[in-house]
Amino acid sequence: MEDSTLAIFTLIGALGIILSTLWFKHKTLLNQRRRIVEKLGFVQYNLSETSNKLDLLSRGVDTILSETPNVRDLLGVHQSLESAEALLFNQGIPISNSESCAIASHAAKSILNHYPGSSNGNSEILVGLHPLVERLASMLHQSDMMAEDIELSANEHRRLGELFYAINRTDWAADCFIRANDLNPEDEKTLFSLAEIQRKNGEIEALDRTIERLLAINPDNISLLREQIILLEGKETSRISRNSVRLEALGENPEPSSTASELSEIAKRAKLAEKGLEDDSELTHIELIQKASKLFALGEITIAQELVQQSLEIENKNGPAWLLNSKLLAAGENNTKSSLKSARRAASLRNRSIK
């Protein structure tokens, strides 16, 4: 009897423990379920709120762009650039050069679809196209591509160059114009655009070559004939004579005119830019020495010496100028005596200033 009673009590205790464990697990599951329901409700609320905001934004964009379908189409260009960037940089799978060029070419064409090119010197670029062109330039730069790597026609290269020029990427613009000229050497518009960049950058020899190509296409362009005469001044007499004879044949006076004077200023700035200088006529002798010191540090000895001489012409008793002149002379060959002389002059002026 005692054994059976003990067995019954043991069974009852075991059942109690099992029921208690199941009850606690049930409560835990209920709590977990409640927390999950709360989280789902919070997520659903956020999704609903986000959906409402996106719907409001979408309707707002639709309203704003309702009368500007061309700008709306730029969203497709954005998507093309996103895809190109993902394929070129983010997929982690190496691709061949030909595939990279094809991807970049497709991205460039998606932009060119929205730019017909300049007409009569005027180019209207859609609002919002500039940042997309900037993205394309960055993509090409990161991919180490050149204009010749992009599979475009001569006209497309010229238009792409105009877009790059509009965002002040003159390096890429010039590269595109050169490529366009390689594909179509008879296109004057391309050469005029290239000449404008070379003129602003002070690339005298390159500008001369471009003008020569333009004159080969249109030998009666009076402004180009005059500009080339100015560019060739002191360099080459045969083509100067040729252009002068041509101007006379066209009934123009080859002597400098108001237009020629304007071109002369352009050529002057270009020549100064070619040397790495700006117009120094209005700089003080101190500013000239500061500029010469920077050029000396960059290894531009000849240009620095010219600036030092200009400074000494303004103020001959200029110790720093004589000292820098000594250093510049010492950097050359067979200038030891002149260098020492300049150094003594600088020391003498320094001692006088101390007294």
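Descriptive notes on the structure:
- The single condition among (1) part of a loop (DSSP other than H, G, I, E, B); (2) at pLDDT 80 or above that Gln305 does not meet is (1).
- Residue among Lys200, Lys235 that is modelled with pLDDT under 90 and under 18 Å from the mean Cα position of the chain (by Cα): Lys200
Results for (1) in a helix (DSSP H, G or I); (2) within 21 Å of the chain's Cα centre (by Cα), shown as yes or no for each residue.
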residue	(1), (2)
Asp171	yes, yes
Ile211	yes, no
Leu215	yes, no
Asn253	no, no
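- Test: residue in region 173-182 that is within 29 Å of Leu129 (Cβ to Cβ), part of a helix (DSSP H, G or I) and in contact (Cβ under 8 Å) with a residue 60 or more places away in the chain: no
The values are calculated or read from the model by the stated rules, or taken from the named source; none is laboratory data. Not measured: the values here are computed from a predicted model. Heads up, the Cβs are rebuilt from the backbone with ideal geometry, glycines too, and the neighbour counts pull from every protein chain shown.
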